[in-house]
Every structure is written in C-alpha cells, then in structure tokens.
Amino acid sequence: MTINYSEKIPNNVDLANDRTLQRALEHWQPHFLQWWHEMGPSDFESADVYLRTATSVDAQGWATYGAVKMPEYRWGIFLADQQPGRTIGFGDRMGEPVWQQVPGEHRSTLRRLIVTQGDTEPASVEQQRMLGHLCPSLYDLRNLFQINVEEGRHLWAMVYLLHAYFGRDGREEAEELLARHSGDSDKPRILTTFNEPISDWLSLYCFTYFTDRDGKYQLKSFAESAFDPLSRTCRFMLTEEAHHMFVGETGIGRVVKRTLEVMKELGTDDPAKIRAHGAVDLPLLQKYLNFWCSSSLDLFGSEISSNAATSFANGLKGRPDESQYQDHVLRDVVLKLDTPEGAQDVPMLNALNEVMRESYLKDCEIGLKRWNRAIERAGHDFRLTLPSSRFRRAIGSWVGLPVDPQGKLLPKEEYERRLHAWVPSDDDRAFVRSLMQKVTEPGKMAAWIAPPDRGINNLPLDYEYVHLA
Ligand code: BYC
C-alpha cells in the first residue's frame, strides 16, 4: 500500500479517517521534533543529507533517495500489508485468528513489551548524538544519519501502537519515551546497553553489528505476534534494520582491512607500533567486540524466564522465524541448561530467551568468519572470537560472576586484575578517541579505516553524501 505523504503525518493506516487518533498523534509530533532538536544529532540540522525515504512498504519502496535536511525528514507510520486469514502460529491459542485489538488480559504485558522496544529507538539516537563531529568520511556520516532518522521512525512505529491501542496509558507512555534519556542518572533508558556511551565510531560499528542484531531478533519475534498490528509494524521495521547491521559489518570489516594494510606496511603485528601509526590493532578491536557483544547478550533477558514462557504461551512473542520449528506449543519439552549450579533441566517455555540468545550468537559468527578470512589471507595467526555468553553478564544466571571470555570461572581477584585485557580500558578508549579526526572532504577517509567497496545507491565514493551548509 502506497504511503500518503500529503498529510502532516505520512502513513499507510488511513489516519485521516480516525480523527481522534490523528489529533492525538499530531499533538505528540511537535514533542518528537523538539526531542530530535535537543537530543538528536548535535548540529548538522541545516546539512543536506542523501537519505532514503520509504514510499511504499514493498521491496520497491526503497528506491527513493534524495537530499533532505534531517529535521524535515518525513517520519510517519508504515505497516506491512495485512495478511488475510492470518492465524496465531504458536502457543496455547495456535490456529485461532490473530487479534486486531488488544485482549484485556494481555494489555499490560503487551504495553510493557512495546514500551521496552520503543525505548531503545530514541535511546540509540541519543547515544550517537555527538558522532557526526568525529566522522571518518561523508559516506559514513550519511550512514549514521540514515540510521538515526530510521530509529526515529521506529519510535513513531511504537508510539502509533501505544496511541492507537492503549488509550490514555498509551499516550502517557509515549510522552515518557521522550522524557527518559540515555545515561541520565534520574531517568535512564530501560535496558542497560542503551545507557552505554557511544563516543567513537568503533563503538558505533560494534553497536550496529551486535545491538542492532538483537533488534533484528526481537523484531522477528514480534513479527510472529498474535497482536496483528504489532506484527505488521515490526515486519516493516525489519526491512530498515538490515541497513544498520550492514553499516556495522562493513564498518568493522573496513577497520580490519586498514589494520592489515598497516601491518603489512610496517611488517609487524606489534600493537604499539600499529597504534603509533594511527590504526586499530586487532587485540584492541577484540576488546571492543567483547564489550558490545556481552552487553548485547543481556538484552535477551534471563536464561530462565517466566515472562518469556507466558509471552510465548499467550501468543504475544514467538521465536524468530517460528515456522521453521516443528513444535509450536512446547508443553512437556525440556532443555538442558548450564547454570553456575550445574546442568539443569528447564521447561523449554522458560528457556526461550536462551534459545533466542543462542541463535543470535550463531548469526553473530557470520561477520567474524568473514573478517577472520581476511586476517588469514594476510598470513596472520590472530583470530577474532565471540565471548562466551557467560562473560560479563549483568542479567540472568551468570550475573556478576567472574567468568573469562572463554566461559571459565576464575577467582574474583584474578578476573578483576585481567578484565582490561578483555574489554577496553580508559587508555584504550582514549586512544581510539584520539583517532577520531573528522574527515569531510568528499571521497576522503580517515587513516584508521579503509574505504567501502562501493558508494550508496550506485553513486561514486566521492559523491557529496552530506552537503554541509
Ligand atoms: N537490562 O524475565 P526477564 C533494538 C528486566 S534492540 C535491564 O529476565 P524477559 C534496537 C526485564 O525487563 C531490541 N533490565 O526477561 C537496537 C524484567 O523487568 P520487570 C529491543 C532487563 O522479560 C539498536 C526483569 O529484568 N527490544 O530494537 O523475558 C538500536 C526480568 O526479566 C534486561 C526488546 O527488548 C536488561 N538487559 O525479557 C535501536 C523487546 N533484561 O518486568 C534499537 C521488548 C531484562 O520484572 N522487550 N530486564 O520489571 C522484551 O522482549 C523483554 O522485555 C526482554 C527481557 C527481552 C528485554
């Protein structure tokens, strides 16, 4: 269905025919714009950015690119098309028709899930607020802004659901989504990863690689939901999410490529010499991967979770790609889980967070294989790895335990002594920060990162992707 851009709020939900909802959202719109002005990308409001804007929700809808000033971006409400006759695909009510309204008994759980999802979107924009001033190229600057406007739109997606289906509570929650702020000591964002500072581009690439991939998994599980408007909203969001992970995967790949070039030029793998030459040594990259991967693993919740069991049984949240599984009800199935107290048989329904976390980790491996191939081809023994899902956990059975990145329990004192061999120290962060010199000449790249293989939408690399006013 084509998106109607002639209205104040672009949408494909026939907003004009629901005056009350339209008025409520038009009331929220200036609050959103004010938030964008105060908490979105610092400066750059008058820059022309080569952005893509959705024109329809099918695959062709992505073809619209053009120069846009970010505050004029057309944020709106876009749902994937309704699938006629869709039925619930899992849980105790499998086979019944999906819901077009929220059943009273699931109202507070669904609201909590939608608010938690919604909270992450503006949080990430806030986390990335200062990065424009440190961009390695105009190409990267444009990608950052593309991600930022789309996260802003994902906030709209959740706010639409809150306004349209949760009455006054929903409207209040929508205001709160603009009142909490990443890292704020009084009113922080809900999930810990979204309160971590992202003050350099290496962190941005790791965040978009690991944390946006959690987004992919959570959105896929909502795409299965019996609450059809949530499913349709998330199906469309997933098409946008793919670009964010692309930025992460190619970003880290380009860092690896540049580091290998420097290693070859200098004929050494000595981290000190590589740093002195203005590049990111591979052990330092490994620390950043450890940090963001372990933080993102917490976003799946506890290994053993009654919330997860209830959400699945009730049809609120499925497993990503639910149809690929045989059993969609999962009663009387158990999973053996390794806990600090030893192996434990857990009802499968209660272990679904862990099932998702494991398949997420497999997905994370794909990029590592690619980067490691480049390292191997360059003739080095070093390999990048993912940390164990027990390492540095702040949620779940392994919370606070002194476990090394290989998953081995250590004496606490040894763990504390060695922690900064595994995650960035203050000095590491200061070094990475020192590399972040802003480069804005078309086609030029900062010295710590290789150019991408190709430009955006078949344009050359030296295209002026952001025209700075
Ligand atoms: N930090 O039973 P538990 C994205 C809370 S990323 C702090 O273990 P449950 C994006 C939990 O809320 C995707 N608190 O877990 C990426 C609960 O609190 P209450 C975001 C946490 O409920 C990049 C308690 O601990 N989407 O889109 O099964 C850029 C016990 O919970 C954390 C979603 O998260 C944590 N890490 O599952 C932009 C989807 N983990 O209720 C965007 C919506 C748990 O006892 N959320 N807690 O006060 C959910 O599906 C679930 O809430 C969770 C947790 C998966 C987060």
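Positive end of the charge dipole of the chain (Lys, Arg +1 and Asp, Glu -1 on Cβ, about the Cα centre): tell me which of L386, L161, S46 has its Cα farthest that way.
Farthest towards the positive end: L386.
If we count every other residue with Cβ under 13 angstrom of L15's Cβ, Lys/Arg +1 and Asp/Glu -1, where does the sum land? Write down the numbers at each step before the final one.
On the way: positive: K8, R19, R23; negative: E7, D14, D18, E26.
So the environment of L15 carries a net charge of -1.
Semi-axes of segment 391-465's equivalent ellipsoid from the Cα gyration tensor, sqrt of 5 times each eigenvalue, largest first, rounded to whole Å?
Numbers: eigenvalues 332, 53, 17 Å².
So the three semi-axes of segment 391-465 are 41, 16, 9 Å.
Roughly speaking, to the nearest percent, how much of segment 361-418's 1.4 Å accessible area is carbon and sulfur? Please report the intermediate quantities before stating the final value.
On the way: 1760 of 3390 Å².
Summing carbon and sulfur atoms, their accessible area is 52 percent of the total for segment 361-418.
Which whole-number value in Å² is the accessible area per residue of the chain, probe 1.4 Å?
Numbers: 19500 Å² over 469 residues.
Roughly 42 Å² per residue, with all protein chains present.
Sorted from largest to smallest, which semi-axis lengths in Å does the alpha carbon gyration tensor of segment 261-325 give for its equivalent ellipsoid, taking the root of 5 times each eigenvalue? All intermediate terms of the calculation are to be shown ahead of the outcome.
Values: eigenvalues 405, 35, 10 Å².
Ellipsoid half-lengths, sorted descending, are 45, 13, 7 Å.
Could you tell me the largest-minus-smallest coordinate of the C-alpha atoms of segment 129-233 on each of the three principal axes, in descending order and whole angstroms?
Cα extents, longest axis first: 44, 32, 22 Å.
Could you work out, for segment 56-197, what percent of all Cα-Cα pairs fall into each 10 Å distance bin, beginning at 0 Å and stopping at the bin that holds the largest distance?
Whole-percent P(r) values from 0 Å outward: 10, 31, 33, 20, 6, 0.
With viscosity set to 0.692 mPa s at 37 °C, what whole-number translational diffusion coefficient in µm²/s follows for segment 316-469 from Stokes-Einstein and a Kirkwood radius over Cα pairs? Please report the intermediate quantities before stating the final value.
On the way: Rh = 20.3 Å.
The Stokes-Einstein estimate is 161 µm²/s.
In the chain, which whole DSSP H runs stretch at least 27 Å along their own axis (Cα) and average 0.0 or higher on the Kyte-Doolittle scale? Present the calculation step by step, with values, prior to reporting the outcome.
Numbers: long enough: 19-39 (29 Å, -1.10); 107-127 (30 Å, -0.69); 138-165 (41 Å, 0.09); 228-266 (57 Å, -0.19); 352-377 (38 Å, -0.88).
Helices passing the filter in the chain: 138-165.
How big is the dipole moment of segment 1-127 about its Cα centre under a simple scheme where the beta carbon of each Lys and Arg is +1, that of each Asp and Glu is -1, and everything else is neutral? Debye, nearest 20, please.
Details: 11 positive and 17 negative charges, 66 e Å.
Dipole of segment 1-127, to the nearest 20 debye: 320 debye.
Mind putting a number on the dipole of segment 212-298 about its Cα centre? Charges go on the C-beta only, +1 for Lys and Arg and -1 for Asp and Glu, and I need it in Debye to the nearest 20.
On the way: 12 positive and 13 negative charges, 35 e Å.
The calculation lands at about 160 debye.
Can you give me the pair-distance distribution of the chain, C-alpha pairs, 10 Å bins, whole percents?
Going out from 0 Å in 10 Å bins, the chain shows 4, 19, 29, 26, 16, 5, 0 percent.
The values are calculated or read from the model by the stated rules, or taken from the named source; none is laboratory data. Only a predicted model underlies this, so the values are computations on that prediction, with no experimental measurement involved. Every residue, glycine among them, receives a Cβ derived from its backbone with ideal geometry; neighbour counts consider all protein chains shown. Protein only, heavy atoms only, side chains kept; ligands, DNA and RNA dropped before computing areas. Shrake-Rupley method; radii C 1.70, N 1.55, O 1.52, S 1.80 Å.
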